[in-house]
Structures are given as C-alpha cells and as structure tokens.
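Working notes, structure below.
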Amino acid sequence: MKKNFIDVVTSLAKDIAAEYSCSLVDVEYKKEGRDKILRVYAEKLDDRISLDDLSNISKSLSDAIDTCEEAQTEENYILEVSSPGVNRVLKSPDDYIRFSGEKVDVSLYENMNGAKKFTAQLNGYNAENNSLSFQIPEGIAEIQLDKISKICLHFEF
C-alpha cells in the first residue's frame, strides 16, 4: 500500500531539517490559483533560521523527493521552504506550550462576546479538556480547540 504523499514528505523533511540543526514546523500541500504548492516550514529553536539553511533544506528535500519512490506523484507542484514567519500559526500542543505567555490572534468558528476574532495572551494548554486558556479584558477565557479556527502569534507592525 502506497503511503500518503504528505506523510512521506513530512518524514523526509523532518530528517533533512534535523541535518541542518533545524526542526520541521509544518507541511502543506494545496492548490493556489492554477498551481499546487508543497510548502514546508522549518525553524531553529535556539536561533533564527537563515536563508542558507532554508536553501539547503529545499535542495536536499527536492533531491530526496525525486529519488524516493513513495514520494512520487503525478501532479506537478512548486516546492517552497520557508520559516513560519513572525505571525506563525500555532497548530500543536507543543506550540501551545512553547508560546504560552505570548500575545496571539485568535479566530473562532462562532462569536464569543460578540466577536469571532480577538487578540489575547495565551495562558496555556489543557490536554485533559483539549482547550486553551486566554487572558482577555474580562478575565480568563478557556476555549475548546474545536471552537478555534486559527491561532497565530500576534505581531505589531
């Protein structure tokens, strides 16, 4: 049985990022306009990732995908390797724990106190309830993850 393309690329990218003292943040494969984009996000936990790091990961990953039979696909795509950026999306429990105490932008599926979007301090992650806790002007808000459509680090320009 052939493995899922994203799973294979994720495994390859994780190992390749580690070769350059980086860690894999996320892999996306989606249609944008007429093109399919395979977007890989990597970072350094103890330093800023450089353009050389991203270029090296891109070249190595491209070569690995080309030579890995399980990573072959009939679709043409554009490979992009990038840092997650200053307003990175938080997606995993590790992200929620790591960025606890940081200011975040939250988008909800439904209104809460008359708004679907708000900025607040992320207080923490509750694995038992699968929820996040936020410091909002009214006090503490605990919101189930399935009610949150997106959460990003807040960046003030």
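Which one of the conditions (1) more than 20 Å from Ile148 (Cβ to Cβ); (2) in contact with a strand residue (DSSP E or B) (Cβ under 9 Å, 6 or more places away or on another chain); (3) without any contact (Cβ under 8 Å) to a residue 24 or more places away in the chain; (4) not polar (S, T, N, Q) does Glu69 fail to meet, given that it meets all the rest?
(2)
Return the residues of segment 21-57 that are out of contact with any strand residue (DSSP E or B) (no Cβ under 8 Å at 6 or more places or on another chain) and closer than 23 Å to Glu70 by Cα; say none if nothing qualifies.
Of everything in segment 21-57, just one residue is out of contact with any strand residue (DSSP E or B) (no Cβ under 8 Å at 6 or more places or on another chain) and closer than 23 Å to Glu70 by Cα, namely Asn56.
Here's a check for you: in segment 18-55, which residue that is among the polar types (S, T, N, Q) and outside any loop (DSSP other than H, G, I, E, B) is nearest to Tyr77 (Cα to Cα)?
As a first pass, look at segment 18-55 and keep what is among the polar types (S, T, N, Q): 21, 23, 50, 55.
Going one step further and asking which of them are outside any loop (DSSP other than H, G, I, E, B), we end up with 23, 55.
Numbers: Ser23: 23, Ser55: 18 Å.
Residue satisfying both the conditions and the ranking: Ser55.
Being farther than 30 Å from Asp46 by Cα and out of contact with any His (no Cβ under 9 Å at 6 or more places or on another chain) narrows it down to one residue among Gly139, Gly101, Gly124; which is it? Give the derivation first.
Details: Gly101 fails: farther than 30 Å from Asp46 by Cα; Gly124 fails: farther than 30 Å from Asp46 by Cα.
Exactly one residue qualifies, and that residue is Gly139.
Condition first: in a loop (DSSP other than H, G, I, E, B), touching a Phe, Trp or Tyr at 6+ places or on another chain (Cβ under 9 Å) and among the aliphatic types (A, V, I, L, M). Can you find one or more residues in segment 75-90 that meet it? So that I can check it myself, show each step before the final result.
Here is the first cut: in segment 75-90, the residues in a loop (DSSP other than H, G, I, E, B) are 75-77, 83-88, 90.
Restricting the remaining residues to those that are touching a Phe, Trp or Tyr at 6+ places or on another chain (Cβ under 9 Å) gives 75, 77, 83-88, 90.
Narrowing the set further to residues that are among the aliphatic types (A, V, I, L, M) leaves 86, 90.
Yes, that holds for at least one residue.
Going by the conditions given, is Ser55 in the same structural domain as Ser131 (by TED's automatic domain parsing), at negative phi and not aliphatic (A, V, I, L, M)?
Details: in the same structural domain as Ser131 (by TED's automatic domain parsing): no; at negative phi: yes; not aliphatic (A, V, I, L, M): yes.
Spelling it out, it is not the case that Ser55 is in the same structural domain as Ser131 (by TED's automatic domain parsing), at negative phi and not aliphatic (A, V, I, L, M).
So which of Tyr41, Tyr20 ends up being hydroxyl-bearing (Ser, Thr, Tyr) and within 12 Å of Ser83 (Cα to Cα)?
On the way: Tyr20 fails: within 12 Å of Ser83 (Cα to Cα).
Checking each option against the conditions leaves just Tyr41.
Given the criteria under 15 Å from the mean Cα position of the chain (by Cα) and modelled with pLDDT of 90 or more, does Tyr29 qualify?
Considered against the rule, which asks whether it is under 15 Å from the mean Cα position of the chain (by Cα) and modelled with pLDDT of 90 or more, Tyr29 comes out as yes.
Out of Ile65, Ile78, Ile143, report the one residue that is outside the structural domain of Arg39 (by TED's automatic domain parsing) and of a type in the set (Val, Ile, Thr).
Numbers: Ile65 fails: outside the structural domain of Arg39 (by TED's automatic domain parsing); Ile78 fails: outside the structural domain of Arg39 (by TED's automatic domain parsing).
Of the residues listed, the single one that is outside the structural domain of Arg39 (by TED's automatic domain parsing) and of a type in the set (Val, Ile, Thr) is Ile143.
Hey, can you tell me all the residues within segment 97-120 that are touching a Leu at 6+ places or on another chain (Cβ under 7 Å) and either outside the structural domain of Ile136 (by TED's automatic domain parsing) or in contact (Cβ under 8 Å) with a residue 40 or more places away in the chain (or both)?
Phe99, Glu102, Val104 - these are the residues of segment 97-120 that are touching a Leu at 6+ places or on another chain (Cβ under 7 Å) and either outside the structural domain of Ile136 (by TED's automatic domain parsing) or in contact (Cβ under 8 Å) with a residue 40 or more places away in the chain (or both).
Looking at Arg88, Arg98 in this structure, which one is closer than 17 Å to Asp26 by Cβ, touching a strand residue (DSSP E or B) at 6+ places or on another chain (Cβ under 7 Å), at pLDDT below 95 and charged (D, E, K, R)?
Values: Arg98 fails: touching a strand residue (DSSP E or B) at 6+ places or on another chain (Cβ under 7 Å).
Answer to the check: Arg88.
So which strands (runs of 3 or more DSSP E) stay within segment 93-143 end to end and still have 2 or more residues that are surrounded by 12 or more Cβ atoms within 10 Å (Cβ to Cβ) and of a type in the set (Gly, Ala, Ser)? Spell out how you get there, then give the answer.
Values: elements: 103-112, 115-126, 131-136.
Hits in segment 93-143: 115-126, 131-136.
If you go through segment 38-53 one residue at a time, do you hit one that is at pLDDT below 95, in contact with a Ser or Thr (Cβ under 8 Å, 6 or more places away or on another chain), hydrophobic (A, V, I, L, M, F, W, C) and closer than 30 Å to Ile136 by Cα?
Yes; the residues of segment 38-53 include at least one that is at pLDDT below 95, in contact with a Ser or Thr (Cβ under 8 Å, 6 or more places away or on another chain), hydrophobic (A, V, I, L, M, F, W, C) and closer than 30 Å to Ile136 by Cα.
The values are calculated or read from the model by the stated rules, or taken from the named source; none is laboratory data. Predicted model only: the values in this text are computed from it and were never measured. Backbone-built Cβ (ideal geometry, glycine too); neighbour counts: all protein chains shown.
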